[in-house]
1. Looking only at segment 97-130, how many residues end up being touching a helix residue (DSSP H, G or I) at 6+ places or on another chain (Cβ under 8 Å), at pLDDT below 90 and not charged (D, E, K, R)?
2. Just for segment 63-80: of the residues that are in a strand (DSSP E or B) and touching a residue at least 24 places away in the same chain (Cβ under 8 Å), which one is nearest to PRO110 (Cα to Cα)?
3. If I ask for residues that are free of Cβ contacts under 8 Å to residues at least 40 places away in the same chain, under 25 Å from HIS93 (Cα atoms) and touching a Pro at 6+ places or on another chain (Cβ under 7 Å), which ones from segment 152-196 would you list?
4. Which condition does MET139 not pass, out of (1) out of contact with any Leu (no Cβ under 7 Å at 6 or more places or on another chain); (2) more than 24 Å from ALA73 (Cβ to Cβ), if it passes all the others?
5. Considering every residue within segment 77-96, establish whether at least one is more than 30 Å from ARG196 (Cβ to Cβ), exposed (fewer than 12 other Cβ atoms within 10 Å of the Cβ) and either at pLDDT below 90 or among the hydroxyl-bearing types (Ser, Thr, Tyr) (or both).
Amino acid sequence: MKIFPFKQTAGWMLAAGLALQFSSCVSTEREVSSSTKDPRSTYTPPPAGSRTRVGSKTVLNTVSTTHTFSDPATKDNFVLELRGPRVLTAQAHLIVTDSKGDTLRHEVMPARALLSEKALNDPQASSVRDQEIAILQGMNAFFADAHFMQPAVPAGTEQPAEMDTNTWAALRADPTAVGFDYTGAGGAERRITYARKLRKAVVINQ
């Protein structure tokens, strides 16, 4: 029987323990998927024993789509990135860029904003892991086709109190404007659209 020196064995056990502890922090990102296409290929956990550390800039998960938005002739890029050391405490970055790569919108919201109303009200989903799974599932559904609509401002819609008259008039005058609905920070329902006359993205609080 081969006997390993104590120091070598102890060092191996410590490394194994650290690897196990780290893998438990990122297992949720690798195990959960509610769609046929897994969009989380951007995040690869570092190999066991490496000195790589996760931090506020670490991309844990990414989902994206393309959709007509600022220009009827092209499609813009919609990206949602989850950045942070842990899913539950991460920040979700909503980034919209046009076909030329120019940023039209970059909004940051807490990962908890991605929790559905069902997940928030489900007493069985109170554990950290259950909430992390619900957040990742919320990301997978974030850019669902049903969240895009045209026109962005249907006839008869009242002007929001926080929006100026010129911006509202520009949106009302463009029936081809596309709107995208999502839940922002604080659980506020929002719709983002593009005012072509003003050449800027506009957020409408609902």
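1. 5
2. LEU80
3. ALA177
4. (1)
5. no
The values are calculated or read from the model by the stated rules, or taken from the named source; none is laboratory data. Because the structure is predicted, anything quoted here is derived from the model rather than measured. Cβ sites come from the backbone with ideal geometry, for glycine too, and all protein chains shown count toward neighbours.
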